[in-house]
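Structure, as structure tokens:
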Amino acid sequence: MKIKELKLPALQVALDFTSLDKAIGILSIIRDLEIGIVEVGTPLIKSEGARSISRIRELVGRTPVLADTKTVDVGALEAEIAIRAGADFMTALASADDAVIESAARAAWELGGDLVVDFIGFKGDILSRTRELSEVGISSVNIHVGIDVQRRLGVTAAGMRNLVKQLSAEFSDLVISVSGGIKPEDIPQLIDAGAQIIIVGGAITRSPDPREAVVKCLKALGRSS
């Protein structure tokens, strides 16, 4: 499946747990809602291995699954592990060498999946790097403010609205996802700026009512459920 084949805009729910049981517990509460992508978070993959991808795949039916591998080396190998385990999409870091990104993308495409390039921690010019990525066929990027940066500097992806607007203006075919401390009230302005996939983790998974949190996010996206 290719990212562009999704019904957009879409909500991506990030399961950033270290326990597969906890991830499954949250998923059991929300999986019947109109979630666009279920993300098997990096901590979950590192803690539980590729079996976490396979187990989530089994539970969500036809809902697309993203494995947040944050690949920086052996791109083809990690793509094969993720896609064969049941992921539709996987991630590589924008800071990785072009050879890594290209090999991951090709392997994912050959297996019927797709690659998202994640800009977390990227220190260069994001617009210039996106131009380079588009030349090799990358069709989706993630503007991502990491948890440590959020905590230390108080910066979230909602504050990246201007960058999203620039990217969407220059790259009309690019699917832009945004993540980093996003709450339901942040969603309309990000969609207005051109984001097409909104990634929400803690605002859902740490909510006293995860189901209601998903419903609020979907309403902010213009969905009824």
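Rule-based calculations on the coordinates, nothing more; no lab input. Note that the structure is a prediction, hence the values are computed from the model and not measured. Cβ: placed from backbone, ideal geometry, glycine included. Neighbour counts: every protein chain shown.
Near Val136, within a Cβ-to-Cβ distance under 10 Å, what is the net charge of the other residues, with Lys and Arg +1 and Asp and Glu -1?
Numbers: positive: Arg106; negative: Asp98, Glu102, Glu132, Glu135.
It works out to a net charge of -3.
Can you tell me the relative contact order of region 6-220? Whole percent, Cα pairs under 8 Å, sequence separation 6 or more. If you can, show how the numbers build up before the last one.
Values: 419 pairs, mean separation 39.9, N = 215.
That works out to 19 percent.
In region 1-81, how does Rg compare with the Kirkwood Rh, expressed as the Rg/Rh ratio over alpha carbon atoms? Let's see the in-between values first.
Numbers: Rg = 12.5 Å, Rh = 13.1 Å.
Computed over Cα atoms, the ratio is 0.96.
Short version: ³J(HN,Hα) in whole Hz for each residue of region 68-77, in order, from phi by Karplus 6.51 cos²θ - 1.76 cosθ + 1.60 (θ = phi - 60°), x for Gly and Pro, what are they?
Result, rounded to whole Hz: 7, 6, 6, 5, 10, 7, 6, x, 5, 4.
Can you compute the charge dipole magnitude of the chain about its Cα centre, using +1 on each Lys and Arg Cβ and -1 on each Asp and Glu Cβ, nothing else charged? Give it in debye, rounded to the nearest 20.
On the way: 26 positive and 30 negative charges, 137 e Å.
It works out to roughly 660 debye.
Summing +1 for each Lys or Arg and -1 for each Asp or Glu, what net charge is found among the other residues whose Cβ lies under 9 Å from the Cβ of Leu111?
Details: positive: Arg84; negative: Glu80, Glu110.
Neighbourhood net charge equals -1.
Against the globular-protein guess of 2.2 N^0.38 Å, express the Cα radius of gyration of the chain as a ratio, rounded to two decimals.
Numbers: Rg = 15.9 Å, N = 225, 2.2 N^0.38 = 17.2 Å.
Computed over Cα atoms of the chain, the ratio equals 0.93.
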